[in-house]
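Below: one structure, written as structure tokens.
The values are calculated or read from the model by the stated rules, or taken from the named source; none is laboratory data. Quantities reported herein were computed from a predicted structural model and do not represent experimental measurements. Neighbour counts are summed over all protein chains in view; Cβ atoms, including those assigned to glycine, are modelled from backbone coordinates with ideal geometry.
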């Protein structure tokens, strides 16, 4: 019998997945955040049930799914901000999903700040992918967008052109510029997502932020 997903909540404390199989219902509470972790937990649940595990045992096994390196992996910075390392996300789809996680998890709780680099896009889709990502940031009402590298410039431009947005978009040339913006904007209680490292070495930025915060 197929497992159905009724709801997924993305909380800073971890994702909560409501599932059912026939008359059996339950929730998987993860100590992990992001769609990659949710997908991994559901895969674990399917495997456990297929191997004959009882429903509650399978839920418990799925709940032990760890955080996924480079996919909304959480690190609490010394200054009290929360860093989400999403540098393994490469495409518009992957980065977009993580931006939605950031928006859902922070809505009504903390400021949301996103650092994004150039996406892994085909030449024919390059403009639409970056432009679409910038417009998504606006629709999600992300507080601050920091775009790294000239190759990702249309992400910043698209966000800036949306007049209904109360947030701010900044384009910087390189990692030093990105670090300066992060240092300027991120404060205690904020949540910072670093994503879209297909052609921009944002993992280096993550390492520097973890090493040098607080400021």
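The conditions are (1) over 17 Å from the mean Cα position of the chain (by Cα); (2) in contact (Cβ under 8 Å) with a residue 24 or more places away in the chain, and residue 84 fails exactly one of them. Which is it?
Just one mismatch for residue 84, condition (1).
For the range 1-93, list the strands (runs of 3 or more DSSP E) that sit wholly inside it and hold at least 3 residues that are crowded, with 19+ Cβ neighbours inside 10 Å and modelled with pLDDT of 95 or more; which are they?
Fully inside the range 1-93 and qualifying: 14-21, 82-86.
Which one is surrounded by the most Cβ atoms within 10 Å (Cβ to Cβ), of the residues in the range 135-178 that are under 15 Å from residue 118 (Cα atoms) and without any contact (Cβ under 8 Å) to a residue 24 or more places away in the chain?
156
Only one residue in 175, 193, 171, 205 is in contact with a helix residue (DSSP H, G or I) (Cβ under 8 Å, 6 or more places away or on another chain), under 20 Å from residue 105 (Cβ atoms) and assigned by TED's automatic domain parsing to the domain that holds residue 134, so which one is that?
The conditions single out 193.
Condition check ((1) within 20 Å of residue 9 (Cα to Cα); (2) modelled with pLDDT under 95; (3) in contact with a strand residue (DSSP E or B) (Cβ under 9 Å, 6 or more places away or on another chain)) across all residues:
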| site | (1), (2), (3) |
| --- | --- |
| 97 | yes, no, no |
| 120 | no, yes, no |
| 123 | no, yes, no |
| 141 | yes, yes, yes |
